[in-house]
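Read through the structure below, which is laid out as structure tokens, and then see the notes.
The values are calculated or read from the model by the stated rules, or taken from the named source; none is laboratory data. Here the structure is a predicted model, which means the values were calculated and not measured. Ideal geometry is used to build each Cβ from the backbone, glycine not excepted, and the neighbour counts take in all protein chains shown. Please note that ligands, DNA and RNA were not included when accessible areas were found on the heavy atoms of the full protein model with its side chains. Shrake-Rupley method; radii C 1.70, N 1.55, O 1.52, S 1.80 Å.
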Amino acid sequence: MFDKLFSPIKIRGLELPNRVVMSAMGTHESAASEDGKSVTQKLIDFHVARAKGGCGLNTTEVCSVDAASSPTGFLSIAEDKFVPGLTGLCDAVHEAGGHIAVQLWQGALAVGSDPTAQILVPSDMPMSPEFTLPGITVERIHEVIDAFGAAAARAATAGFDAVEFHCAHTYLPHSFLSGGINHRTDEWGGSLENRMRFPLACIDAIRANIPEDMPLFMRIGWQDDYLEGGLTPEEVIEFCKRAGEHGVDVLNVSRGNILSAALIYETPPVDLPNGFNVEPAARIRRETGMLTMPCGRINRPELAEQILDDDKADLVVMARAQLADADFCNKAKAGELASIKYCVGCDQGCYDYFYRALADPSIEHITCLRNPALFEERAMALEPVAEPRRVLVAGGGIAGIEAAEDLVKRGCTPILCEVSDHLGGQFALAGVAPRKGDFTYACDMAIKNLEDLGVDIRLNTPVTPELVGEIAPDAVIVAIGSEPVVPSIPGANGDNVVDARDVLSGAELPEGDVAIIGGGLVGIEVAEHLAGQGRASTVIEMRDAILVEMGEMRKTATQMSLAQEPITVLTNATCTAIADGAVTVKVDGAEKNVPADVVIMAVGSKPRPTDDLRAACEARGIPCTVVGDAKEAPRLALDAIREAYQAVLDIA
């Protein structure tokens, strides 16, 4: 299945078994090493799992080439002392039947997370009225060029199959190349010819220090979005042609910079279209004649196959798809599509955890909403139980669905009971919101997988103490979720007041003027859902900002969309009364009436009661674990799935 995606390709002396590349992704795992910059066993286990899962080429996360600007929490190849650890990583991947590349990196502004790392920028960069970062000296320019060469030599010694030169995302080579960042007036700045000088010199240094038959990849941005004077597609294409002449073999086409809202393109959330870099990569391929591979929200094998079938690329980057499921490639090749855990582009475990980890030492590494065992492949493996167990799972939301599948993997027999007439819960409702179709798809496939596995699914079946006694399971996992909070506002129980979940599910169809009480994730999703139907609304939020609980990438993308939609947002606003046709709101101490034929409540949720189930289990000596919103609400799906996974692991 997917014959083109899983066809071999030869690049110089390297033959890959398929066209799937797992590109570099920040993990923060190296922070756990003794020096904060080395390979750990968890990093090895992570790469080995993807190699065994059928990935054509793994790529390490960014790997510093220059010792003085090498930050803690990122891999380094800047000194010989790092070679043994990197060799161990390469050997383990090769033993697992895989191939691996190292991404050579000088991070420029991005190393600022470590105050001991030297920040290098091409030219003076004002950071505030009082402070300007000085531009890199010519002497240091040559030192960094030499560092790229020395790092490439170490990569060859360590046994990497390929190297990748990072020339995107505002890192130093990209910063030199971009006229929006590089304001030098010497031979290293000004014209495109001068701005190309540094990255081309780095490429020359790398190529001179690796074997002739070793492929050289380059990550390049399509353009500098939202950056005045930044790179244009035409400039990028011209540079790629020159890079090819200097020995680059494959172009990894990306997008984004950290100086503007274009950061959303680097770790793109679900809000961005699937495969948004495909057409840029196709144009670069046509105009340069070079091998290309697009990245960016390519999370289904059907899309990857279509890209290749349409002759728009030579390889396909499927990175976060393999965070969500280490066996993505093997499952896709075998046609076991329903069993794949699909990335939904939530950014909660990858981007959000990574940047939280930079400031919070309690966070060891990234994780994944769909895969709680990410970077815990050894400690959290789902091993078969010594004795099969019958486990009652109460609640058919995403936590219950995942628990049921994980129980099957451990050799247990789950009985999944759901009070409504369908599975999916709030996760399925989330897919109703604009731009979140990946949630619906992932949920539908997870449900189909349970059906394929033959799981005993009982709809319209509330789990009661009586049912626990009737089934007499060996264990119970309670994932019954939450229920809406009804605020103590005069008129909150009126006939014109509806719950946000009922609007998303289609049970309620608001007409006329609409006010939404609550500007959190659910409230804004409802507002956007209505906007998609041509209905305007006013969102009333008592805090000083909306979307407080949402991660930065999703928040940025959502706010960009809100600016184009018929949605009015009132912050620092408290609803004091609800009446027919209007709500009374106090904004900054002043009262005003907001027209509202329908008032939608989105003020939060509280756990559904579980005392009776826990008591029934305790009376019968049955282990009972409460997970997700039933334990504490409101929280993220990431929390619910992780707790469900742990509950399954804890079954003896």
*asked:* Suppose the chain between Ala579 and Glu34 were pulled fully straight at 0.36 nm per residue; how much longer would it get relative to their current alpha carbon spacing?
replied: 189.9 nm
_Length released on extending from Ala381 to Lys606, taking residue separation times 0.36 nm less the Cα-Cα span_ = 77.8 nm
*Round to a whole number: what % of the accessible area of the range 562-652 belongs to carbon and sulfur, probe 1.4 Å?*
47
*Give a quick list of GluC sites (Glu not before Pro) in the range 465-521 that DSSP marks as loop, anything other than H, G, I, E or B, with at most 16 other Cβ atoms within 10 Å.*
Glu508, Glu511
*Which order, highest average first, do 63-71, 599-607 follow once you tally other Cβ atoms within 10 Å for each residue and take the mean per peptide?*
63-71, 599-607
*Would you calculate, for the chain, the mean residue ellipticity at 222 nm contributed by helices, counting each DSSP H stretch of 4 or more residues as -39,500 (n - 2.57) and dividing by all residues, to the nearest 500?*
-9500 deg cm²/dmol
*What accessible area per residue comes out for the range 21-107, rounded to a whole number of Å², with a 1.4 Å probe?*
27
*Could you pull out every whole DSSP H run in the chain that spans at least 20 Å of Cα extent along its own axis and averages 0.0 or higher on the Kyte-Doolittle scale?*
138-158
*Using only Cα atoms, locate the centre of the range 21-39 and the centre of the range 173-198, then give the distance between them in Å, rounded to an integer.*
30
*Heavy atoms only, probe 1.4 Å: what % of the accessible area of the range 15-151 goes to carbon and sulfur, would you let me know?*
53
_Charged-residue dipole, Cβ positions (Lys, Arg, Asp, Glu), the range 40-144 about Cα centre, Debye nearest 20_ = 400
_Pair-distance profile P(r), taking every C-alpha pair of the range 199-311, with 10 angstrom steps and integer %_ = 13, 41, 34, 11, 0
*Can you list, bin by bin at 10 Å, the percent of alpha carbon pairs in the chain, starting at 0?*
3, 15, 23, 24, 18, 12, 4, 1, 0
*Taking a ≥ b ≥ c as the square roots of the eigenvalues of the Cα gyration tensor of the range 514-553, is the shape rounded (a/c under 1.5), prolate (a/b larger than b/c) or oblate?*
oblate
*How much accessible area does Cys167 have with a 1.4 Å probe, in Å² rounded to the nearest 10?*
0
*trypsin sites (Lys or Arg not before Pro) lying in DSSP loop within the range 413-450, provided at most 13 other Cβ fall within 10 Å*: none
*Per-residue accessible area for Ile44 at 1.4 Å probe radius, Å² rounded to 10?*
30
*Determine the per residue accessible area of the range 385-473 with all protein chains present and a 1.4 angstrom probe, expressed in square angstrom.*
38
*For the range 1-84, count the residues as N, evaluate 2.2 N^0.38 Å, and divide the Cα radius of gyration by that value, please.*
1.28
*Once a ≥ b ≥ c are taken as the square roots of the eigenvalues of the Cα gyration tensor of the range 4-45, is the result rounded (a/c under 1.5), prolate (a/b larger than b/c) or oblate (a/b not larger than b/c)?*
prolate
*What accessible area per residue, rounded to a whole number of Å², is obtained for the range 265-381 using a probe radius of 1.4 Å?*
33
*Would you mind calculating the gained length between Glu130 and Ser191 on full extension (0.36 nm times residue separation, minus the Cα-Cα distance), in nm to one decimal?*
19.0 nm
*Please go through the range 175-222 and write out the trypsin sites (Lys or Arg not before Pro) that DSSP classes as loop and that have at most 11 other C-beta atoms within 10 Å.*
none
_Percent antiparallel among DSSP beta bridges (both partners in the range 52-139, rounded to 5)_ = 20
*Run the accessible area of the range 390-440 with a 1.4 Å probe and give the carbon-and-sulfur part as a rounded percent.*
60
*Antiparallel DSSP bridges in the chain: what percent, to the nearest 5?*
25
_the range 520-580: C-alpha gyration tensor shape, a/c 1.5 cut-off, then a/b vs b/c_ = oblate
